[in-house]
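A quick write-up on the structure given underneath.
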Amino acid sequence: MRKHAMRHWLAGLGVVGVCVVATAAPAPAAPTSPGAAPGGVAAAGFTTSADNVTLAPGGPDRTVVLRTSGEKLQDSYAITVDYGAVDAFAEVRGPAVPACTRAGTVLTCTAYQEDAPELLALSVRPRPGARVDQEGRIRFTVTTTASGTSSTASTVLIGEGVDLVAGPAVTLTGGPGATVPVGLSVGNRGQETARGVVLLVSAMYGLTPSKRYQNCRYGSRGGLTNWTPNLFVCTFDDEIAPGRAVRVGGSFGVTVPGDVSAPNTQTGTATWFTTQDWADVQSRYTLDQQGTGGVLRLEPTGARLPGASRAAQTDVRPADNDTAVELTVTGNQRADLAADEVRVTARVGETVPVKIGYTNRGPASSSNGGRDFYTIVRMTVPKGVTAVKAPRNCLDADIQDEEGGRPGARAYLCYQYDVIHPGGKVALPFSFRIDRAGTLTGETELLYGPVDTEDLDPRNDTARILVNPASGGQGGDDGSLPITGSPTGLVATVGGLLLVAGAGSYLAARRRRSRFVA
């Protein structure tokens, strides 16, 4: 089924108060970590990559997703999949006709520009009799009409099966500036000793790690969703015997930022991997900063047993590897966002850069997620002006099922995901062509969600866009001028489509099968 850009854009809005579950085969695809080997080969302007997977004899299937990165091509994709090197020990299944046809151990599939970035998903299952350490590669060749060809491969490995199970959900309470310990645990309910584990945490702004440990790496570009700026992974060499559980050391915790909005609810997800399962997926995440503040350790609740086998290990039930974390932020502080007035002076026929946006006057930061409101900028283009360039995060307000960045709209709805601290600005880069002489007036308006949400001072939520005002302007400036927003009432609703909430993702994170509790 083809996807539309508007649905992708709205998916970001739908995770307010939600943290997407991360399993051994997580859905989000983040930029590649430095030093990782994604297996993709760039060709003629586009790059493809595919997941590596590790299977256990008699274990469940795993999904291999073929992706393309970079700009979406105005093209269709002809995909050839050669899985002959793994057919002896793994069964490969693809979409049915007409998406794919099969000839021997080769699939021929078609994808379209609307399908990007995920072009194809394959199910890979171990065959009866598959043996530990068998290995092969599924090879992909992607050809387009106008953009050339790209090739990549997925490594399929048979590993030893183990069964990690995460500890129970964690509930915390703390006000802005507080440091709160977080009790995370993992157990082994399988028959084999687990040799080493990896902990991945993705969380909202309020769950900022208190320390940065030497055996952890941290991401500077955010987590699994746009609402989870905290992302880090910690590796442990500890062995966990069957029937035993361990917990993260007592120094592990979070510090609630002093400018977080309150009261609020902040959520996160902690996911446990085997060492091999993490190696299969780590290229999806940007973890570009090494911690320096000591070593984070696991505290065993039973004896550590040496493992005789050195085979790669994979989790046979990754669906129970997540712990939901929920922080209730106490206190009372919110943000006052003020639309920025813009004045531009230019000649008829001239094109000038203009920045549209707002300033956070504090005292709290904005776009924290949870109960905090999200902000949409509605920009009405002055009559007699054409927006010849618009940011990709701005949609034509009248054609909401289009790609962002469409020029020529009369009004735009723009969204930004970043936390905006007190004193910070949002400045959306447009280019205006002046088509008519005289004073031309447009408007910037701040809309908030969910319904009936307001910032501290709704009177400054609108501001004028003035082109060639009678009193003169500042031709060639960047549009970031003093705030003189005209007072109007707050528009309480952004429209039904913009208020979609994905609470199901968070509820899924809290569902648990049987588990060990440390």
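The values are calculated or read from the model by the stated rules, or taken from the named source; none is laboratory data. Being a predicted model, the structure only gives us computed values, none of them experimental. Every residue, glycine as well, gets a Cβ built from its backbone with ideal geometry; the counts of neighbours run over all protein chains shown. The area values use the complete protein model at the heavy-atom level, side chains included, leaving out ligands, DNA and RNA. Shrake-Rupley method; radii C 1.70, N 1.55, O 1.52, S 1.80 Å.
Structure notes:
- Neighbours of Thr386 by Cβ distance under 11 Å: Lys/Arg scored +1, Asp/Glu scored -1, total +4.
- Too-long pairs where the Cα-Cα distance tops 21 Å, listed order kept, from Lys355/Lys383; Lys72/Lys355; Lys72/Lys425; Lys211/Lys425: Lys72/Lys355; Lys72/Lys425; Lys211/Lys425
- Its Cα centre serving as origin, region 318-390 has a Cβ charge dipole (Lys and Arg +1, Asp and Glu -1) of approximately 640 debye.
- Percentage of interatomic Cα-Cα distances in region 95-207 larger than 19 Å: 70 percent
- Averaging the Cα positions of each part gives two centres, and for region 311-359 and region 88-152 these lie 35 Å apart.
- Two-site label geometry, Arg93 and Ala169: point separation in nm, points 7 Å out along Cα→Cβ: 3.2 nm
- Paramagnetic reach from Thr149 in region 109-134 [backbone N under 18 Å; point 7 Å along Cα→Cβ]: 109-111
- Net charge of Cβ neighbours under 14 Å - reference Gly442; Lys, Arg +1; Asp, Glu -1: +3
- Under the simplified labelling scheme, the Gln74-Asp288 pair shows an inter-label distance of 3.1 nm, with each label point 7 Å from Cα along Cα→Cβ.
- Once both labels are positioned 7 Å from their Cα atoms along Cα-to-Cβ, the gap between Lys383 and Thr101 label points is 5.7 nm.
- Highest-first packing order for the peptide set 156-164, 330-338, 375-383, 460-468 is 156-164, 460-468, 375-383, 330-338, based on the mean count of other beta carbon atoms within 10 Å.
- Accessible area per residue for region 308-353, computed on protein heavy atoms with a 1.4 Å probe, is 39 Å².
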